[in-house]
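Undergrad: Here it is, the structure, as structure tokens.
The values are calculated or read from the model by the stated rules, or taken from the named source; none is laboratory data. These figures come from a predicted structure and were not determined experimentally. Glycine gets a Cβ as well: all are built from the backbone with ideal geometry, and neighbour counts include every protein chain shown. When the accessible area is computed, the model is the full protein with side chains, heavy atoms only, and any ligands, DNA or RNA have been set aside. Shrake-Rupley method; radii C 1.70, N 1.55, O 1.52, S 1.80 Å.
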Amino acid sequence: MRAQTATESEPKTSSRLSGALARARHVHPVWGLNVLLIVIAVALYGGPVRGLQPLADPHLPWWSIAIAFAIAERCVVHLHFRRGAHSFSLGDIPLVFGLIFCSAEAFVLGCLLGSAIVMLFDRRLPPVKFVFNISQFAVHACVAILVIHALAPVSDHVGERTWVAALIATQASGFLTVVLIATAISLSEGLVKLRTVVHMLSMDLVVTLSNASLGLCGAVIASSDARALPLLAVPSLTLFAAYRAYLSERERHKRLEFLYEANRTLARSREIAHALEGLLVRSLEAFRAELAEIILFGSEENPSLRTLLGPGSYRELMEPVDSEVADAMRELLERSAGGAITLDPPFGGARLQRYLEARGVTHAMVAPLPGEERVIGAIMLANRFGVVRSFDHDDLRLLDTLAGNASVALQYDRLEQAVTQLSVLQEQLHHQAYHDPLTNLANRSLFTDKVKAAIGDRRGELAVLFIDLDDFKTINDSLGHSAGDELLVSVASRLRACLRPEDVVARLGGDEFAVMVEDGHDAEAAAVKVARRIMEAFVLPVGVGAESVSVYLSLGIATSHRGAGSAEELIRDADVAMYRAKTSGKGHFEVFHPSMGEAVLERHGLKEELRLAIERQQLTLYFQPIVDLDTGALVAEEALVRWEHPRRGLVGPSEFVPLAEETGLILSLGQYVLEEACHQARRWQARHEAGPAGEPGVAVHVNLSAVELRDPELVDRVRATLFDAGVHPGSIVFEITESVLLEDSERVKATISELRSLGVRFALDDFGTGYSSLSYLHTLPFDLLKIAKSFVDGLARGGREASFARMIIELARTLGVAVIAEGIETQEQADALVALECDYGQGFHLGRPEPVKPELQLRSAA
């Protein structure tokens, strides 16, 4: 991640300079080399080269050399390297003639003009490559002139010293050309391997020696009897044919090696997504293409899926694709009689054309993946690099062979199985969106939807029971979170046993449960019966591990005939009744009555106290460590806000954050947390800067709510806070839950993108407990995924939760995203996560949330 932090106001000149530097970063790096070559060529020509005369007779005019170079440069073969190529031609023959029989001015002019005509009208190179070739031609021409004039005497005929000088001059210019081409490729595509450069030099040595020798034979003939020059045509063409045959055989060998490696990749990859990705990686390199894509055609039950790479580092793995696009591609291949075809604008139907143009495809080739009974997919390569940009017949044959081998290696049933498995995974994750992962009960969202639907149907009276476990926090703290979770599962099981099949039971969060009861005549009486059965069910203790725990419930009942107009009001009234039951002594139930509105007023008073606490900064930040599971090193701390209430003691966020969201205080609360977290991050950052070199910095994780993400001023507030605190933006990680992404998703995506442009990072919290759509994982650039505690707990049991944890880690690894496992409470869980190659961990086993001690703050700031 790249990030910059402004620490003070900069003058306008600095801003203009920054803008200029930003624009300069988009300039092709070879342009700098081009400028240097032009300067060198001008300096050489204007200095020692200009004015040098021919070494022997006959003297040739510039136009004859220009024509000879144009013809020689048409006879060319290309040795390709990724996006570029090194070209071998018969250009050394006119080079020798020009060095011996032309003046310096005539030779340089003829060389540049003849080569430029071919590059402009035949090869049609882009400007950066055209300028590079012309400038390096000028440099190596000047170097060759200087070398031959330094070694050969001026004479009436071409003697032995002239032969040796010409060979040395051509080899020197050839060596210089190879070095310059390797430099240009390294600047634009990354460092060229030494083995490749050696191969280029050896090939150039042979070609230059052969061409120069042939040119010298012609020079000797021209010096004695020019009428015999046509005899050179046959050996020249034979030599060119030998070059082409050698490189053709080399290319054939590379293609066979590519097919072999591609088949090995398919056979060795256990996962279909990784197999297809590996196949496309090799295809991009073999065909020198910018984009590669495989579409697996779906059926009525399963969607079509695509895996694509490019341009650049962009990639998608087994993502759904528009069914109309898949159908258009399938029809196109069926009309092509089953073989690979080239695609050029227009690309067939309008839908397919819009799809390809949106991806930036200018030219492509596509082949079908044949199945036993039908075409099961398509593989496409697009936008070829290099001198020759079109795909030829040999490319189509190779792609056809690759597609056939891929279909056999992957097997049709394996592809179908992959599509089915992904569909099942989507269904399972969708189930997670509406069910509590610990108890598998309906969650708050599903329960609210059920109540809304029942109110809308008006089939009879409706009652909601709001249930809260008394003193659950004490049980959780004394026996541990694992025991607390086990207790919640047991409570859920007993609640189910007390209900009719048509009743709905849900876990709303924490230790709160709810039940919906419908009755055609008297819902209140039915709800009271259910409440009594529930109370009787919990007379006996609940087994938690080796302990027996007595569980007491406070329960509130609200009915639709009391006037609640919406699901939210009905649940709220039941909550108020539960609160009355709890304050009246706990362990019993109450039915809501409008007079209980006083409880609402008390809640309102609590909100006022919260507002004052935020204004007076009476809240405290606790920090829980996040560590590298491999090394145990501290990498981050999560900021957790706590409220030291004067009467109620330490209040957790689950109690006052909902109040803050209801009243809009969440914005002030979130800003307070962000400011405190940034200042603490700056203290740690200062300690890191003053500490030993190489010591890792400590990031701070801050939670963002849906309300904050909808705030139009959020980005400006974050920018100002980062600036005021002087903290590096990369030290701040915002955590959001999956449920946030479902609310006004486009606006949320835009806000996240703006925040990331500031340099901050993002983590997706409680992954797997929400909708877990595979689509937004690649559209939103998350840096971290946090596995929910329920999945970590399941690692020890080896059940479905363990499988989900493994699947989430593998998915994150595919997307290039780091993973944090939450709620690690045992060494066994930590060991299991290390075995799964999980990156980071957080939980009581690794460190409890604690406030930062003042003396540590002072020492860090110092």
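Undergrad: Suppose we keep only residues that are open to solvent by 20 Å² or more (accessible area, probe 1.4 Å), in a helix (DSSP H, G or I) and under 17 Å from ALA166 (Cβ atoms) within the stretch 92-118. Which one would you say is modelled with the highest pLDDT?
TA: PHE97
Undergrad: Under 8 Å between Cβ atoms, which residue pairs at least 6 apart in sequence (or on different chains) link something in the stretch 483-497 that is free of Cβ contacts under 8 Å to residues at least 24 places away in the same chain with a partner that is part of a helix (DSSP H, G or I)?
TA: Sorted first by the residue in the stretch 483-497, then by its partner, the pairs are GLY484/PHE472; GLY484/ILE475; GLY484/ASN476.
Undergrad: Could you please tell me which pairs satisfy a Cβ distance under 6 Å, a separation of 6+ or placement on different chains, a first residue in the stretch 823-852 that is part of a helix (DSSP H, G or I), and a second residue that is surrounded by fewer than 20 Cβ atoms within 10 Å (Cβ to Cβ) and among the hydrophobic types (A, V, I, L, M, F, W, C)?
TA: GLU828/ALA796
Undergrad: Among the numbered criteria (1) under 22 Å from PRO61 (Cβ atoms); (2) in contact with a strand residue (DSSP E or B) (Cβ under 6 Å, 6 or more places away or on another chain), which one does MET200 miss?
TA: (1)
Undergrad: Within the stretch 285-301, restricting attention to residues that are modelled with pLDDT under 75 and crowded, with 18+ Cβ neighbours inside 10 Å, which residue is nearest to PRO368 (Cα to Cα)?
TA: PHE287
Undergrad: Would you say LEU214 is open to solvent by less than 50 Å² (accessible area, probe 1.4 Å), more than 20 Å from VAL49 (Cβ to Cβ) and over 43 Å from the mean Cα position of the chain (by Cα)?
TA: Judged against the criteria, LEU214 is a match.
Undergrad: Among residues belonging to the stretch 839-862 that are modelled with pLDDT of 90 or more and of a type in the set (Gly, Ala, Ser), point out the one that is surrounded by the most Cβ atoms within 10 Å (Cβ to Cβ).
TA: Going through the qualifying residues, I end up with GLY841.
The rows are residues; the columns are (1) closer than 12 Å to ASP468 by Cα; (2) acidic (Asp, Glu); (3) under 51 Å from the mean Cα position of the chain (by Cα).
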residue	(1), (2), (3)
LEU499	no, no, yes
ASP503	no, yes, yes
ARG507	yes, no, yes
ALA514	yes, no, yes
VAL539	no, no, no
VAL544	no, no, yes
SER548	no, no, yes
TYR579	yes, no, yes
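Undergrad: Within the stretch 633-652, restricting attention to residues that are at pLDDT 90 or above and farther than 22 Å from LEU704 by Cα, which residue is least open to solvent (accessible area, probe 1.4 Å)?
TA: Applying the filter and picking the extreme gives ALA633.
Undergrad: Shifting gears a bit: Select, from SER493, SER478, the only residue that is at pLDDT 90 or above and out of contact with any strand residue (DSSP E or B) (no Cβ under 9 Å at 6 or more places or on another chain).
TA: SER493
Undergrad: Could you tell me which of the residues LEU629, LEU665 is under 23 Å from GLY841 (Cα atoms) and crowded, with 20+ Cβ neighbours inside 10 Å?
TA: Testing whether each residue is under 23 Å from GLY841 (Cα atoms) and crowded, with 20+ Cβ neighbours inside 10 Å leaves just LEU629.
Undergrad: Go through the stretch 150-191 and give me each residue that's in a loop (DSSP other than H, G, I, E, B), open to solvent by less than 20 Å² (accessible area, probe 1.4 Å) and farther than 17 Å from CYS102 by Cβ.
TA: GLY159
Undergrad: Okay, moving on. All but one of (1) surrounded by fewer than 19 Cβ atoms within 10 Å (Cβ to Cβ); (2) at pLDDT 90 or above hold for VAL464; which doesn't?
TA: The failed condition is (1).
Undergrad: Starting from residues that are among the acidic types (Asp, Glu) and either crowded, with 16+ Cβ neighbours inside 10 Å or at pLDDT below 80 (or both), keep the ones in the stretch 346-404 and report whichever is nearest to PHE121 (Cα to Cα).
TA: ASP392
Undergrad: Quick one: what pairs do we get from the stretch 378-397, first residue within 10 Å of ARG288 (Cα to Cα), second acidic (Asp, Glu) and modelled with pLDDT of 80 or more, C-beta under 7 Å, 6+ apart or different chains?
TA: Pairs found: ALA382/GLU290; ASN383/GLU290; PHE385/GLU290.
Undergrad: Something else now. Name the single residue, out of those in the stretch 302-322 being more than 14 Å from ALA358 (Cβ to Cβ) and hydrophobic (A, V, I, L, M, F, W, C), that is surrounded by the most Cβ atoms within 10 Å (Cβ to Cβ).
TA: By that ranking, first place goes to LEU305.
Undergrad: Follow-up. Output the qualifying pairs, or none if there are none: Cβ atoms under 8 angstrom, residues six or more apart or on different chains, first residue in the stretch 637-658 and among the hydroxyl-bearing types (Ser, Thr, Tyr), second residue surrounded by 14 or more Cβ atoms within 10 Å (Cβ to Cβ).
TA: SER654/GLY510
Undergrad: Please go through the stretch 192-211 and pick out each residue that is of a type in the set (A, V, I, L, M, F, W, C) and either surrounded by 20 or more Cβ atoms within 10 Å (Cβ to Cβ) or more than 20 Å from ALA141 (Cβ to Cβ) (or both).
TA: If the condition is that a residue be of a type in the set (A, V, I, L, M, F, W, C) and either surrounded by 20 or more Cβ atoms within 10 Å (Cβ to Cβ) or more than 20 Å from ALA141 (Cβ to Cβ) (or both), then VAL192, LEU194, VAL197, VAL198, MET200, MET203, VAL206, VAL207 are the ones that fit.
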